[in-house]
Amino acid sequence: MPKNIPIAAKIEAILYLKGKPLSLGEIAEYAKCDRFTAEEGIIELMENYARRDTALEVIETENGYSLQLRSDFHDLVQALIPVEFGVGALRTLAAIALHNPILQSELINLRGSGAYQHVQELVESGFVRKRRDNDSRSFALQITPKFHQYFQIEQLPQILTIPEKEQQLELELEGLEVEEETIKN
């Protein structure tokens, strides 16, 4: 990589490629610079985006800095990239998200054999990643950054028990499904 790339541009590329919030330390590590230089680059990048009339923005969240679509454009995202999962697939997605990562065999025990089709649908849509688990004959399933971006969930709550988490996430996903149905009509 050429050495004359401005730090703000390098940080922009890092945030774009990672697709999730990064701490200042992570940014400095990826950019191969000290934290002070990374902080200066972030400030410059945030100011650049604030001055431009663009669909993207750099924001600071509790989990770090993130390059994301401005909230003004979320309706456009819903219109252009609607996710049309059935209730079963949404519940399977909720189970994967809550147990992230989870072995496919464990998921089938939780959700039944219909989850095989749901997993295939979720993998094809880019919400779930499926990899062969080294310790068993099953596949390891985990949610992808697309899940976090689409559902605007940075981090799932850790304080609830598993049944409470499942119930809460199912309600949230069902609410999104109703919201999508309203938008379509």
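Filtering the range 10-38 to residues that are in contact (Cβ under 8 Å) with a residue 12 or more places away in the chain, open to solvent by 60 Å² or more (accessible area, probe 1.4 Å) and in contact with a Leu (Cβ under 6 Å, 6 or more places away or on another chain) leaves only Tyr16. Looking across the range 19-60, just one residue is among the β-branched types (Val, Ile, Thr), in a strand (DSSP E or B) and in contact with a helix residue (DSSP H, G or I) (Cβ under 6 Å, 6 or more places away or on another chain), and that is Val58.
Of the residues in the range 56-71, not one is open to solvent by 70 Å² or more (accessible area, probe 1.4 Å) and either within 20 Å of Thr144 (Cβ to Cβ) or at pLDDT 95 or above (or both).
Only one of the numbered conditions (1) at pLDDT 90 or above; (2) small (Gly, Ala, Ser); (3) loosely packed, with under 15 Cβ neighbours inside 10 Å is not met by Gly41, and that is (3). Please enumerate the residues belonging to the range 127-149 that are open to solvent by 30 Å² or more (accessible area, probe 1.4 Å) and either assigned to a helix (DSSP H, G or I) or within 23 Å of His74 (Cα to Cα) (or both). Hits for the range 127-149 are Pro145, Lys146, His148, Gln149.
The values are calculated or read from the model by the stated rules, or taken from the named source; none is laboratory data. Given the structure is predicted, the values throughout are model-derived calculations rather than measurements. Note: ideal-geometry Cβ built from the backbone for every residue, glycine included; neighbour counts use all protein chains shown. The area values use the complete protein model at the heavy-atom level, side chains included, leaving out ligands, DNA and RNA. Shrake-Rupley method; radii C 1.70, N 1.55, O 1.52, S 1.80 Å.
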